[in-house]
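The values are calculated or read from the model by the stated rules, or taken from the named source; none is laboratory data. Given the structure is predicted, the values throughout are model-derived calculations rather than measurements. Cβ placement follows ideal geometry from the backbone for every residue including glycine, while neighbour counts extend to all protein chains displayed. The area values use the complete protein model at the heavy-atom level, side chains included, leaving out ligands, DNA and RNA. Shrake-Rupley method; radii C 1.70, N 1.55, O 1.52, S 1.80 Å.
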2 protein chains.
Amino acid sequence: MKGVDTSRWDAARLAAWSDPHLARVESALSRWVGVDAPVRLGDAMRYAVLDGGKRLRPLLVFAASEAVGGQPAAALRAACAVELIHAYSLVHDDLPCMDNDVLRRGKPTVHVAFGEAGALLAGDALQALAFELLTPAGDEVAAEVQAQLCRLLATAAGSQGMAGGQAIDLASVGLALDEAQLREMHRLKTGALLQGSVEMGAACGDRQPPPVLAALRDYGAAVGLAFQVVDDILDVVADSETLGKTAGKDAASDKPTYVSLLGLDGARAQARELLARSLAALDRSTLADTAALRALAHMIVDRDR
Amino acid sequence: MKGVDTSRWDAARLAAWSDPHLARVESALSRWVGVDAPVRLGDAMRYAVLDGGKRLRPLLVFAASEAVGGQPAAALRAACAVELIHAYSLVHDDLPCMDNDVLRRGKPTVHVAFGEAGALLAGDALQALAFELLTPAGDEVAAEVQAQLCRLLATAAGSQGMAGGQAIDLASVGLALDEAQLREMHRLKTGALLQGSVEMGAACGDRQPPPVLAALRDYGAAVGLAFQVVDDILDVVADSETLGKTAGKDAASDKPTYVSLLGLDGARAQARELLARSLAALDRSTLADTAALRALAHMIVDRDR
């Protein structure tokens, strides 16, 4: 099977694949988020989720699901659920007691627009909604798949995943982390949910053999870490307008980053190495159709925002 | 079947039933909460959950599960999961941007002990952990039951449940709610998770006929509302030491309560009426073994803290 999909997609080919998926996600999120919620809460949830974000995690879900022949209905729910977890984490991360950020995706952050308590509750409700989306009544998604998706998402989001990484981040401000400690923090804070997206996509199909799952996890871990390295680079080289969020924050807040640790060239080399590692993992997976996963890995490393 | 279990348990009989369940919950929570989490986060999670609380929601899960012949392993996980959601909601509710409370169960609140960001993350991680506990790998709990438990808990916790009720509460400070509006707020804020506890217990057994589930839901709704009415009464008549939290807060913060709306005697009459309604629902359920559910309804109305 190897070799079939190694030809690299150009931007137009990637867009032809991702645009219909993005349209489905936007439409589903608009249908599912904040509807029938008390009015201010629903508004805050929709404000936090709709019309923003690169939807990278949903795309990873779709790409992994297609690589294993997954069920589209399950993949759509998994894609939306993981995006809701991502969105809630941003809402809470932006709060004054955390990063105290006022700008996100070029808009005032949720607590600026809806107050701190409103942002707190919107984040809490978005996390619950993620698990609600994964567990529809009826037979749209098999119970085994529902349970597995909840298991993967809860683990990726919780104390041994994203929330754990945020706690390490919080405790590390002003400390001199070495590269191993920085990597561990990012493995949890950002990597767990990106890797979880790949695993959730893979869970939408028939159960894969352990070596295939292991290869997909390795791919997810590599792109997850690459994403963060590139984030650190962009924080230094991009301006706030392009980023849609406050640039130069990490240096200003004395947070350790890959750039502060490895220098700009070192961080760039690290990103290329992680890209190569992610592609090698896909080679090992023996899956036939990994072109979208490959294209997403390239996109993660080559993005400018 | 009716009549078999109508003899009311005294306090000793209730304790003989509940004590072993409480011991199992404490032991399981201690084994499952905050273990392998980054150190400060794990400490905050355990601080928020262990050695405190009446564990009313877990008891409702166990009582409902036993009424339908549920699986003990599933019920234990459901009991712990619902308690984690309750615990996280208290942590977030106590934050300065919400109720700004410094005392809970006789101890400093989580944000006093661990900082605001620490409390925020601990709450977030507890919510994720709830869904993780509901979805163990392997065959300890059937996938259908796992999916159903996640569905019920997510709905009870989210924007059309607990978080929605908190949002209405937030928007209602200083407003003159009538009784219907107050009831709707509490139906979501407190009632949804109490009713959800009953439904989750019922989901631990074989699927019940719709009329039985409807009767259990009615029971849950009545005890859920009764719990809040009694809470409002206790806020007026009890002192902080007995309550383990700041008494007289509602009046001080100008929040509408059943006592402010109905007077003390009116609120007490309301609680008795809800108790009667909950017992009538159990009569309708046609389930043989509802003695524990009955005893819990009495306990909820007769409690002094």
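Quick check on this structure: which one of B:L22, B:L90, B:L76, B:L95 is in contact with a strand residue (DSSP E or B) (Cβ under 7 Å, 6 or more places away or on another chain) and within 28 Å of B:R151 (Cα to Cα)?
The match here is B:L90.
State whether the residues of the range A:29-37 include one that is under 30 Å from A:G115 (Cβ atoms), touching a Gly at 6+ places or on another chain (Cβ under 9 Å), of a type in the set (D, E) and touching a residue at least 12 places away in the same chain (Cβ under 8 Å).
Scanning the range A:29-37, I find no residue that is under 30 Å from A:G115 (Cβ atoms), touching a Gly at 6+ places or on another chain (Cβ under 9 Å), of a type in the set (D, E) and touching a residue at least 12 places away in the same chain (Cβ under 8 Å), so the answer is no.
Name the residue that is nearest to A:G205 (Cα to Cα), counting only residues in the range A:131-141 that are surrounded by 15 or more Cβ atoms within 10 Å (Cβ to Cβ) and without any contact (Cβ under 8 Å) to a residue 40 or more places away in the chain.
In the first step, residues of the range A:131-141 are kept if they are surrounded by 15 or more Cβ atoms within 10 Å (Cβ to Cβ); the result is A:131-136, A:141.
Now drop any that are not without any contact (Cβ under 8 Å) to a residue 40 or more places away in the chain, which leaves A:132, A:135.
Details: A:E132: 20, A:T135: 16 Å.
Only one residue tops the list, namely A:T135.
To keep it simple, each residue is scored yes or no on (1) more than 12 Å from A:S285 (Cβ to Cβ); (2) open to solvent by 40 Å² or more (accessible area, probe 1.4 Å); (3) in contact with a Leu (Cβ under 7 Å, 6 or more places away or on another chain); (4) not hydroxyl-bearing (S, T, Y).
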position: A:A171; (1), (2), (3), (4): yes, yes, no, yes
position: A:L175; (1), (2), (3), (4): yes, yes, no, yes
position: A:A180; (1), (2), (3), (4): yes, yes, no, yes
position: A:A202; (1), (2), (3), (4): no, no, yes, yes
position: A:P210; (1), (2), (3), (4): no, yes, no, yes
position: A:D218; (1), (2), (3), (4): no, yes, no, yes
position: A:A222; (1), (2), (3), (4): yes, no, yes, yes
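Applying the selection to the range A:30-44, what residues are within 14 Å of another protein chain (Cβ to nearest Cβ) and not small (G, A, S)?
If the condition is that a residue be within 14 Å of another protein chain (Cβ to nearest Cβ) and not small (G, A, S), then A:W32, A:V33, A:V35, A:D36, A:P38, A:V39, A:R40, A:L41, A:D43 are the ones that fit.
With respect to B:A64, determine if the residue is out of contact with any helix residue (DSSP H, G or I) (no Cβ under 9 Å at 6 or more places or on another chain) and at pLDDT 95 or above.
Working: out of contact with any helix residue (DSSP H, G or I) (no Cβ under 9 Å at 6 or more places or on another chain): no; at pLDDT 95 or above: yes.
For B:A64, the condition - out of contact with any helix residue (DSSP H, G or I) (no Cβ under 9 Å at 6 or more places or on another chain) and at pLDDT 95 or above - is not met.
Do any residues in the range A:279-305 that are within 14 Å of A:F227 (Cα to Cα) have Cβ atoms under 6 Å from those of residues that are open to solvent by 40 Å² or more (accessible area, probe 1.4 Å) and part of a helix (DSSP H, G or I), where the two are at least six apart or on different chains, and which pairs are they?
Filtered contacts from the range A:279-305: A:R305/A:T242.
For a quick check of your reading: which helices (runs of 4 or more DSSP H) sit entirely within the range B:67-148 and have at least 1 residues that are under 17 Å from the mean Cα position of the chain (by Cα)?
Once the helices (runs of 4 or more DSSP H) in the range B:67-148 are filtered for at least 1 residues that are under 17 Å from the mean Cα position of the chain (by Cα), what remains is B:72-93, B:116-133.
Condition (residue is in contact (Cβ under 8 Å) with a residue 24 or more places away in the chain, in contact with an Asp or Glu (Cβ under 7 Å, 6 or more places away or on another chain) and either within 8 Å of another protein chain (Cβ to nearest Cβ) or closer than 30 Å to A:D206 by Cβ (or both)) applied to the range A:92-99: is it met by at least one residue?
Yes, the conditions are met somewhere in the range A:92-99.
For the range B:100-111, enumerate the residues that are within 13 Å of chain A (Cβ to nearest Cβ) and surrounded by fewer than 16 Cβ atoms within 10 Å (Cβ to Cβ).
Of everything in the range B:100-111, just one residue is within 13 Å of chain A (Cβ to nearest Cβ) and surrounded by fewer than 16 Cβ atoms within 10 Å (Cβ to Cβ), namely B:N100.
Could you check, for the range A:193-211, whether at least one of its residues is basic (K, R), within 22 Å of the chain's Cα centre (by Cα) and either within 13 Å of chain B (Cβ to nearest Cβ) or outside any helix (DSSP H, G or I) (or both)?
No, the range A:193-211 contains no residue that is basic (K, R), within 22 Å of the chain's Cα centre (by Cα) and either within 13 Å of chain B (Cβ to nearest Cβ) or outside any helix (DSSP H, G or I) (or both).
Looking at the range A:268-281 only, could you name the residues that are crowded, with 20+ Cβ neighbours inside 10 Å and either of a type in the set (G, A, S) or modelled with pLDDT under 90 (or both)?
Hits for the range A:268-281 are A:A271, A:S278, A:A281.
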